[in-house]
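Every number here is computed from the coordinates shown, using simple stated rules; none is lab data. The structure displayed is predicted, hence computed values, not measured ones. Note: ideal-geometry Cβ built from the backbone for every residue, glycine included; neighbour counts use all protein chains shown.
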Amino acid sequence: MKAKVNNHEGQNVPVPTLRRLPGYLSYFKSLKINGVEHVSSSQIATTFKMDPTLVTKDLSHTGVKGRTKVGYQVDQLIDTLINFLDFNSSENAFLFGVGNLGRALINYDGLTHYGLRIVAGFDVDKSLAGQTIKDVKIHNLDDFRDLSIKTPARIAIITTPDDSAQEVADLAVAWGIRAIWNFTPQSIKVPAHIIVENTSIYSDLAVLFNRLNK
């Protein structure tokens, strides 16, 4: 059974569809830059090497409609997807683990452009406490409880060493975090109402190497 989530209108949206929509959005933005005003589902499908009916089904979840022999209006597609994906809103996030990956995420402006704002970083290395990376202040992990009470945030980003991921997840959930973006390969356990999205660089690398060498 495919996992599904609810959008603002109460529809059940398959997670694979949600994963494809940001790719569509990026494509539509590139079309606009190049002066393209309309695009068909067949053109989109060709770009993404997909069946046109799947593209049409994906976009139907957003409520956007195309016109026969004209296609979709690019400006409308962009506006609709930004609103549908909540990329025009802003969610605060705490980042745990200010190593190379954590610092890279803090420095990456793209997250802010898509609605995710890292408001504080935490690390067990006390020498990092007090440092600031692109206006994001770094705190010792022991200070998380007090800061979480003062600063509202619903998302935790975990970029700690693997063996610390579960401990950090437990702490984050205990003090009000509702969703976790886990960049470690560690499978973390959380209560059923907590959302977890795993992004494993190593898993992607394994697939890349396998396909490259086979």
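Annotation: extensible slack from Ile149 through Lys65 equals 25.9 nm (criterion: 0.36 nm per residue apart, minus Cα-Cα distance). The residue list Thr80, Val70, Phe48 was ranked by how far each Cα lies along the charge dipole of region 4-84 toward its positive end, using unit charges on Cβ atoms, and Phe48 comes out on top.
Bridge orientation summary for the chain: considering DSSP beta bridges with both residues in this region, about 30 percent are antiparallel. Using a cutoff of 8 angstrom between alpha carbon atoms and counting only pairs six or more residues apart, the relative contact order for region 105-214 works out to 16 percent. Per-residue extension of 0.36 nm, minus the Cα-Cα distance of Ala192 and Leu54, leaves a gain of 46.6 nm for this segment. Summing Lys and Arg as +1 and Asp and Glu as -1 over all other residues whose Cβ lies under 11 Å from the Cβ of Thr112 gives a net charge of -1. The overall shape of region 91-204 is rounded: from the C-alpha gyration tensor, with semi-axes ordered a ≥ b ≥ c, the ratio a/c is less than 1.5. Here the chain is assigned +1 on the Cβ of each Lys and Arg and -1 on the Cβ of each Asp and Glu. Its dipole about the Cα centre then comes out at about 800 debye.
The charge dipole of region 4-84, taken about the Cα centre with unit charges on the Cβ atoms of Lys, Arg (+1) and Asp, Glu (-1), comes to about 180 debye, rounded to the nearest 20.
Taken over region 91-204, lysine pairs spaced eight or more positions apart, or on distinct chains, with alpha carbons under 26 Å apart number 5. Legend: ranking of residues Leu212, Leu31, Leu77 from fewest to most surrounding C-beta atoms inside 10 Å; resulting order Leu212, Leu31, Leu77. Each residue of region 130-141 was assigned a 3J(HN,Hα) from its phi angle through the Karplus curve 6.51 cos²θ - 1.76 cosθ + 1.60 (θ = phi - 60°); the sequence is x, 6, 10, 10, 6, 6, 9, 7, 9, 10, 5, 4 Hz, with glycine and proline shown as x. Along the axis of the charge dipole computed for region 1-147 (Cβ charges of +1 for Lys and Arg, -1 for Asp and Glu, origin at the Cα centre), the listed residues Leu18, Ala104, Val136 are led at the positive end by Leu18. A cut-off of 5 Å between modelled amide H atoms, ignoring neighbours fewer than 5 places along the same chain, links Ala129 with no other residue. With a Förster radius of 22 Å applied to the beta-carbon distance between Ala174 and Ser127, the computed FRET efficiency rounds to 0.25. Excluding same-chain neighbours fewer than eight residues apart, the lysines reachable from Lys57 by a Cα-Cα span under 24 Å are Lys2, Lys4, Lys29, Lys32, Lys49, Lys65, Lys69.
In plain terms, the bigger the Kirkwood radius, the slower the diffusion; for region 42-150, with that radius from Cα pairs, at 25 °C and 0.890 mPa s, Stokes-Einstein puts D at 145 µm²/s. Length gained on full extension, Asn213 to Arg117, computed as 0.36 nm times the residue gap minus the Cα-Cα distance: 30.7 nm.
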